[in-house]
Structure formats: structure tokens, C-alpha cells
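The next block holds one structure in the form of C-alpha cells; read it before the comments.
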Amino acid sequence: MAGHEPPASRPIVACAVQTPLRRAFDYLIPHNIDPGAVMPGNRVQVPFGRRQVVALILHRVDVSTVDPMKLKPITAVLDEQPLLDPLHQQLMRWVSDYYLHPIGEVYPLALSPCERRGEPPASMGEPGLKLTLRGQGLPENALKRSPRQAQLLALLQAEAQPLSALRDAGISTGIVRQLIAKDLAVRCQIDGNPAWNAGPPLPPSSEQQEAISAIRDTLGGYRCHLLDGITGSGKTEVYLQAIASCIAGSRQALLLLPEIGLTPQMLARFKERFDAPIVVLHSGLSDGERDRGWSAARAGKAAIVIGTRSAVFVPLARPGLIIVDEEHDAGYSQQDGLRYSARDVAVKRGHLADCTVVLGSATPSIESLDNVNRGRYQLLRLRQRAGGASLPSARAIDVRGLALRGGLSTEMLDTVRQTLDRGEQALLFVHRRGFAAGLQCHDCGWVAQCRHCDAGLAVHRHPIRLRCHHCGWNRDLPGHCQHCGGSRLASTGVGTEQSEAVLAAQFPGTALYRVDSDTMTGKGSRDAFHSAVRDPAPAIMIGTQMLTKGHHFPRVTLVGVVDADNLLFNPDFRGEERLLQLLYQVAGRAGRGDHPGQVLLQTRHPEHPIIARALREEYGVMAAEIIEQRYQRGLPPVGAMAVMRCDSTSLDQGIGFLQQVKREMNTTASTLIGPLPAAMARRAGRFRSQLIVMADTRRALALAMNTLVAVAEALPRPSGLNWFVDIDPIETL
DNA sequence: AGCACGCCGACT
DNA sequence: GTCGGCGTGCTC
Ligand SMILES: [Zn+2]
Ligand SMILES: [Zn+2]
């Protein structure tokens, strides 16, 4: 079909087509399309197999390696101007190369939902309503017979209104429709506030001032700062003032947060400070909202973009500053599809686009601290808490041989009581949700197992069921042991529900909040909890890690870690780093403001080096020791690591495939470990295995991984088997 | 991943 | 007879 005319006479372009295939696809530019209109970063519609798809132009191709008879022509050019500027194309190309992910799946991450579908980019303004000429001609007291319509008319007579503002004013869409039907009003676009102003800053401490100045001095070029600031030291104020400087130079600022739940309070703080367009981008928004925010960011209309990990890919017309808050947080690492670290992409982006990058954390990652040591990042430290509040005191409770109620020792319960008696609040951290971690037969040791995973089932009370926390499978609570028939079944390990029940009985009448993924289902429950927390009355908060993320608890003076041992013997090489970060983050919730805080750790291993010293030493001292250990053991940040993972319908199939890949790799520049079954080999009915790759240098790792992927691609793929690679994996289990 | 083609079992 | 099961092969 394409071959009626000598194809070589037409120009050829390489395109990123949305497909998991790890290559670009070449297309001809037909006669009816001006080759000048086909620019890199433009979207085009192309035939692909038997269907038409949206693709992005990568570059011109002088000599295609594809059989000329197979080349097809582009169907249509979808954009007059490229949606991705050359720097952004370079970033997306880097992501594809670095993470060894198909280019056709990487490029669309820089597009909004409607752009991915091939639709025109969204217009920037907010959808709104304005009066027609006829509506403008009405007298001020018109529509008296219909008070709601009159109210809307009055609002519109003042000025055109965004639909969201009308909703807030209590005007239903029905009223809007009625005015439109009467030809008094029409839908329109309301442009955002064009001002880029910052309100007065809070007076900074000398440390904050130093940090702000250091960041300010590097604006306009690439520099990465690590803002190492203990909880309550005012990192956000540093962000605000650095951003104020950035937008004063009419460059845009991008602030990344590790999870959606942190955006509302950050946005509130930003709206208070800035009279400037702020765009929020995360997966909790509707497609339309994302489309509009995306357009505003790319057009340079948005002064500030606040978003979660995927927002690192949003095009910005004039990027000036990229901030990654809580940079140590695992939420920046995507765990499926393209396995990227938004923090690492942010740093690369800053480097390519000459932006200043700020990584902020109270517990910086080992990688970032190492980058400071190597002189790649500049360290900015905040060591004082606002208002001079003192750091919490920490103590371990040795619970060996103690009678526990709901996992709580008498000492813990007594300290909770004292805290409440002083009119203060207590926060208790339990590692698991549900009532108990497992169910075991007292007579034969049988443990209730998930049908689809190599994992035990957790006991839940509301409703009463056994539930797998890895796949969601659940069953009723058995009355008898499934192995010996005995009836003495006992729950093992404590979950949030159990501690909650004990606390409710011990402290009747005291406000008690449980925060885990079972109670924090909707947006409403989260909001309700956060407003409850601001209530100064004595209260107990109990929950999982969810409770530790970034939130402010001004009245909490006691933090209890109910089962500190849970993270103690994690075989992953990042286990200790995780534990340390968790302990310091949890402790950071205690004693803000003028009340000193205390932290209690319940443990059966009080002699464990981390438990014994954590929270007495500074985080940085403990982290330095972990870095030292990593160097001794030759683990990241020394050299580089990657994993090829496999999931399949049988374990042998996965291991066999990885073995075959390993056999065909004759590398000396890297070390291959495995293949080995994953820590939980069977999960949701799939068997997981992995091949770990370690190399002394990034370059050697990239080389090895490229070959590894090429080998795996060339191998026939057994049905039901999936493989993928994970560069800089956050866990190797 | 889609989406086709293709070749064998149980339904109108 | 054909509706449909998913094996395997291809996409510029
Ligand atoms: Zn038994
Ligand atoms: Zn399961």
C-alpha cells in the first residue's frame, strides 16, 4: 500500500508510539504534510498495525533501517507547536534510557490525559460563566420572581464567575442552565490571576536565612541543595521564601510531595503566602482538572506547581526551582510500569534545565547524604526548632516477660494516662492494621495462610474475618484448627484495632482516633481527623505509618512505638535506613511548640544497636554509620544496583527464564546474583523471582542492563511470564 | 499491550 | 455446522 511511490523520496521521522515495545517506529511524511510542520515534540496520528494511534515525533531519520516497503505515512499532524521543548524531550529520552523502559510508554508521561488521547491541549482558564449582551442589558433588580436566578445575575453583573465559585455560593447547575437557556449567560473561560506576588515572609531564623540565601544565590543555574532540617525547624518557610525569589525572577517553581494527602495543607500555606497562580497536579484530580493544570504549567502561566511524583514530568515554560519535600520517602518511587524515582528524575531535570533543586527532609536518604559527602549536593542544615522547642527525650521499654494488654505495657499505659492528665495528647504507632497479625493453633502450631500468597492472614474484627494484606483475599474466622481440629486458636501480634479496643476500655470518655487504611477511606474521614487533631482536648491517636507522614500534631507530647521490633530484622540492605527514618519521623511528631515531648519504644531487643542509640544521637550520626557500613559491604551508594524481576504462573518457570538470561550473559564488568525467589515468592497467585545485578560504576551497570534486556527480549517469552527491570531498586526482596 | 489469525471443543 | 477458547506472531 505504502509502496506505490518510491518511499525514499519522502522524509522519514522516528516516533514514540504508545506500546511496550522497546524501540522507536519510523514513518514517512506524505506529500500532503509539510515536513516543516513535523517537528520533534509534536504529536501525530499514525497507523500502527490495524489501528490509528497517537505518537510523538522524536527526530528526523536520514537512513531508516526498516524495510522501505514496510514504512507507512503519518496520517495527520496534531500540533502546530511542539508540546515538549527540546530540553523536555531530552529528559524523557534520559528516563527511557536510564530506566530501560520503552520510549513509547515514557514520552506520554509528559502529556496530560486529553493530550494522550490525541485531543487538543486544554485551554488554560477555569470554566466559568459570564453574561450575554442581553444579560448585561437587564436592570439590576431583574428576575425578582426567581431569587436564585436573581442572585446569580447579581454575581455575574459584578464580574464573570468561575463555576467553582458559583458552586461555593450555593448556586446549582440547574440555575446556571436556566440562565443559559434564557440567553442571559454563556459559558466562558476565566483566566487565572495574572499576578505573581508573594506576601510578607515570616522573620527567618539565622539558619533559615542562611539556607534561603544559599538557594537564592544559585537560582538561574543548576545546583542541588540538601535541606537537612529536623522536624519543626521550618523547612516550609525556606521553601516559601526560595520560591518567592524564584517567581520574582518570573521563573516557575515545582514542589513535589510524596503523597496526595499532603497537598491540601501545603496548598493552604501557599495560598496564604502567594498572590500568584498555583496549580496542583496529582492522580486524585479529574482528567479535566489535570488537563487545565498541565496547560497552565506548560504555557508558563502557573507560577507554582505543587504535585506528587508524576508531576515531575509536567512541562514548564520557564522552570527555575524544583523542590522535593520529604526526599527520603519511598512514595517517590513508582513500583509498577516505569519504575522511576521522582526525586532522581527531579535532580536530572534540574541539571538539564539549569534549575536549582532543593531536596528537603528531616531524615535524608543515605544516597543524598552520600552525594553531599562527595560534594555533589550542598548541605543546608536547620538544627533549631521554631520557638526553641526542645527535642523529645526517648526511652526503650524492654517488654520481655511483661504482661501486655493490646500490645501495650503497663508503663506505656501509665505514661499515656499521665499525658492525658496533663491535658496533652498521645500518639501510638502500631505497625499493622487489623486486630492481630495472624491466627495460630495453640496445639499444633498451624497458622492461617492466604490461599494466593506465601503469607499469613490477619485477624480483623470489623467485620470479623481473616484477611490477607497482600492480595485482599479473605475468609471467615475458622472455629477449629484446619490441621489438627483443635479449638484453641490464638491471635498473634497486635494490630491497630486491638490496641484501640484496649485503650478505649482503659480511657473511657477520652477522644480516641484510629488512623489506618481501614478507617481513612474517603477524603471526608481524613479531613474529619485533621480537624479533630486541632482540638486541644486530651486525646489518643493510634495508627499505622499513615499517621507519621508530615502532619502537624501541636498537642502531642507522647509518641509510643508499640512494636519497634517489627522493622528490626529486615533482611533488605535498606532495612536499617528505613527503621532509622521511621523512628526519627515518628519521634518528630512529639512536642512541638512549648511542650517538650517524650518517645517510648517497646522492644524485646533493647540491646540492638539502633534501638539502644536511636533518638539519643542525631539522625546524621546514625546515618553516617550506615553509610560507613554500606561502603564496607560494597552496597549502594557504592557502585550501582539493578534487578531483573520475573513474575510467572510457577516458580520454576520464572527461575528458569532468569537462569537462561544469566547463562547468555557473559559479563565480567558486573556481578549477577541469583536468580532467587523473592522474599514472598507467591503473591496474589503469581510467583516472583529476581536476578540482582551489581556493578562498580553506573556506566558498567548500564552496559550490563542493556545487554540483559536485549538477551531477555531475544528469548521466547513463556506464556504467563512477565519480566521487567528495576534500576536503583528500593528493595531487593 | 492490542489485535489479528488459527485451529479444536460444545452449543443452536 | 459456527461460536469462542487462548496460543503465537506482528506492529515502522
Ligand atoms: Zn492445630
Ligand atoms: Zn494473599
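Every read-out reported here was derived from the displayed coordinates using simple, explicitly stated rules and does not represent laboratory data. The shown structure was predicted, so the numbers you read here are calculated from the model rather than taken from an experiment. Cβ: placed from backbone, ideal geometry, glycine included. Neighbour counts: every protein chain shown.
Its residue count N sets the reference 2.2 N^0.38 Å, and the alpha-carbon radius of gyration of segment A:126-190 equals 0.96 times that reference.
For segment A:83-145 versus segment A:671-733, the inter-centroid distance based on Cα atoms is 37 Å. For segment A:400-469, applying the loop criterion from DSSP together with a ceiling of 14 other beta carbons within 10 Å to the trypsin sites (Lys or Arg not before Pro) yields A:400, A:422, A:451.
Think of chain A as a dipole: +1 on every Lys or Arg Cβ, -1 on every Asp or Glu Cβ, centred on the Cα centre; then among A:410, A:112, A:504, A:112 lies furthest on the positive end. Look at A:546, A:622 and count the other Cβ atoms within 10 Å of each Cβ; fewest to most, that gives A:546, A:622. Rg and Dmax, both from the Cα atoms of segment A:401-520 and both in Å, are 16.1, 51. Sort segment A:325-370 into rounded, prolate or oblate with this rule: let a ≥ b ≥ c be the square roots of the eigenvalues of the Cα gyration tensor; rounded if a/c is under 1.5, and if a/c is not under 1.5, prolate when a/b is larger than b/c, oblate otherwise. Verdict is oblate for segment A:325-370. Note on A:70, A:144: ascending count of other Cβ atoms within 10 Å places them as A:144, A:70, the fewest first. Shape call for segment A:640-727 from the C-alpha gyration tensor, a ≥ b ≥ c root eigenvalues: rounded (a/c under 1.5), prolate (a/b greater than b/c) or oblate? Prolate is the answer for segment A:640-727, as a/c is 1.5 or above and a/b outweighs b/c.
Think of chain A as having a plus end and a minus end, set by charges on the Cβ of Lys, Arg, Asp and Glu; of A:55, A:255, A:655, A:55 sits farthest toward the positive end of this dipole.
Specify the inter-centroid distance of segment A:547-619 and segment A:410-483, based on alpha-carbon positions, in whole Å. Here the two parts' Cα centres lie 21 Å apart. The charge dipole of chain A, taken about its Cα centre with unit charges on the Cβ of Lys, Arg, Asp and Glu (plus for the first two, minus for the last two), comes to roughly 1280 debye. Shown for segment A:286-411 is the translational diffusion coefficient from the Stokes-Einstein equation, using the Kirkwood radius over Cα pairs, a temperature of 10 °C and a viscosity of 1.306 mPa s: 88 µm²/s. What number, in percent, do you get for the relative contact order of chain A if the mean sequence gap of Cα pairs under 8 Å and at least 6 apart is divided by its residue count? Averaging sequence separation for qualifying contacts and normalising by length gives 10 percent for chain A. Charged side chains reduced to their Cβ positions (Lys and Arg at +1, Asp and Glu at -1) give segment A:136-240 a dipole of some 780 debye around its Cα centre.
Helical runs assigned H by DSSP (4 residues or longer) give chain A a calculated mean residue ellipticity at 222 nm of -9000 deg cm²/dmol, each run adding -39500 (n - 2.57) before division by the residue total. By the Cβ distance rule (another cysteine Cβ under 4.7 Å), the unpaired cysteines of chain A are A:15, A:114, A:188, A:224, A:246, A:355, A:471, A:646. The charge dipole of segment A:12-110, taken about its Cα centre with unit charges on the Cβ of Lys, Arg, Asp and Glu (plus for the first two, minus for the last two), comes to roughly 380 debye.
Among the listed pairs A:235/A:549; A:130/A:271; A:301/A:348, those with a Cα-Cα distance over 20 Å are A:130/A:271; A:301/A:348.
Rounded, prolate or oblate: pick one for segment A:194-312, where a ≥ b ≥ c are the square roots of the eigenvalues of its C-alpha gyration tensor, a/c under 1.5 means rounded, and failing that, prolate if a/b is larger than b/c, else oblate. Here segment A:194-312 falls in the prolate category. With R₀ set to 22 Å, the beta-carbon distance separating residue A:545 from residue A:722 gives a calculated FRET efficiency near 0.15.
Averaging the sequence gap over all C-alpha pairs within less than 8 Å and six or more residues apart, then dividing by the number of residues, gives segment A:12-110 a relative contact order of 37 percent. Per residue, the average separation of C-alpha pairs within less than 8 Å and at least 6 apart gives segment A:126-190 a relative contact order of 56 percent.
Using every pair of separate Cα atoms, the Kirkwood estimate puts the hydrodynamic radius of chain A at 29.1 angstrom.
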